[in-house]
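> Okay, handing you the structure first.
The values are calculated or read from the model by the stated rules, or taken from the named source; none is laboratory data. Given the structure is predicted, the values throughout are model-derived calculations rather than measurements. Positions of Cβ are generated from backbone atoms using ideal geometry, with glycine treated the same way; all protein chains shown enter the neighbour counts. Remember, those area values only see protein heavy atoms, side chains included, never the ligands or the DNA or RNA. Shrake-Rupley method; radii C 1.70, N 1.55, O 1.52, S 1.80 Å.
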Amino acid sequence: MKYVITVEGIEAAPQGSKSYIGKNKMGKGVMIESCKRVKPWRNAVRVEAKKVVSELIKEPVHIEIVFWFERPKSHFNSKGVVLPSEPKYPTKMNIGDIDKLCRSTLDALTLSAIVDDSQVVSLQARKYYCDKKYTTKAHTMITIQTIKEMPGDR
């Protein structure tokens, strides 16, 4: 079975780095996500996943994720054309490492599309800047493909 989930109007957020904010009443250290965009991102993924996947997927899955980020205004000339000196792909630290973008996305899919992200046996991810020719708004496309065991896989 194949499911395609599109999350529009919000840029993906990386999950992974934590900030220490002090100790709780019991004396234990309290850590929070460094990126404030993670929680809204995971919520947006959950909402869209539940629209597409009616019953949690229990089989092993292959997931493909394509992240599209809006280009900064400084990448364009006065006519709205991307300057030739600007990068083709989003590699700045403020966008996020691709593994951390996948981590936040897979965690959001857990219990909204799949039972647990340990079911992911194959993962492909890419990130691009939006291109006026194809798309101008930030969005992410997540494709989940269930994998049936084939004879001879053992």
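> Can you pull out every residue in the stretch 65-115 that is in contact (Cβ under 8 Å) with a residue 24 or more places away in the chain, part of a helix (DSSP H, G or I) and more than 24 Å from Val45 (Cβ to Cβ)?
His75 - this is the single residue of the stretch 65-115 that is in contact (Cβ under 8 Å) with a residue 24 or more places away in the chain, part of a helix (DSSP H, G or I) and more than 24 Å from Val45 (Cβ to Cβ).
> In addition: Among the candidates Lys58, Lys51, Lys73, Lys88, single out the residue that is basic (Lys, Arg), open to solvent by 80 Å² or more (accessible area, probe 1.4 Å) and under 15 Å from Val7 (Cβ atoms).
Working: Lys58 fails: under 15 Å from Val7 (Cβ atoms); Lys73 fails: under 15 Å from Val7 (Cβ atoms); Lys88 fails: under 15 Å from Val7 (Cβ atoms).
One residue alone meets the criteria, Lys51.
> Same structure, new question: Name every residue in the stretch 105-154 that is modelled with pLDDT under 95 and on the phi > 0 side of the Ramachandran plot, in order of residue number.
Passing the criteria: only Gly152.
> Can I ask one more? Collect the residues in the stretch 1-57 that are assigned to a helix (DSSP H, G or I) and touching a Cys at 6+ places or on another chain (Cβ under 8 Å), keeping them in residue-number order. Working first, answer last.
Quick first cut of the stretch 1-57, residues assigned to a helix (DSSP H, G or I) only: 38-52.
None - no residue of the stretch 1-57 is assigned to a helix (DSSP H, G or I) and touching a Cys at 6+ places or on another chain (Cβ under 8 Å), so the list stays empty.
> Need the failing condition index for Ser118 against (1) in contact (Cβ under 8 Å) with a residue 40 or more places away in the chain; (2) open to solvent by 70 Å² or more (accessible area, probe 1.4 Å); (3) assigned to a helix (DSSP H, G or I), just the number.
Tallying (1) in contact (Cβ under 8 Å) with a residue 40 or more places away in the chain; (2) open to solvent by 70 Å² or more (accessible area, probe 1.4 Å); (3) assigned to a helix (DSSP H, G or I), Ser118 fails exactly one: (1).
> Can you name every residue in the stretch 7-48 that is among the polar types (S, T, N, Q) and open to solvent by less than 50 Å² (accessible area, probe 1.4 Å)? Lay out the reasoning, then the answer.
Within the stretch 7-48, the subset among the polar types (S, T, N, Q) is 15, 17, 19, 24, 34, 43.
Those that are among the polar types (S, T, N, Q) and open to solvent by less than 50 Å² (accessible area, probe 1.4 Å): Gln15, Ser19.
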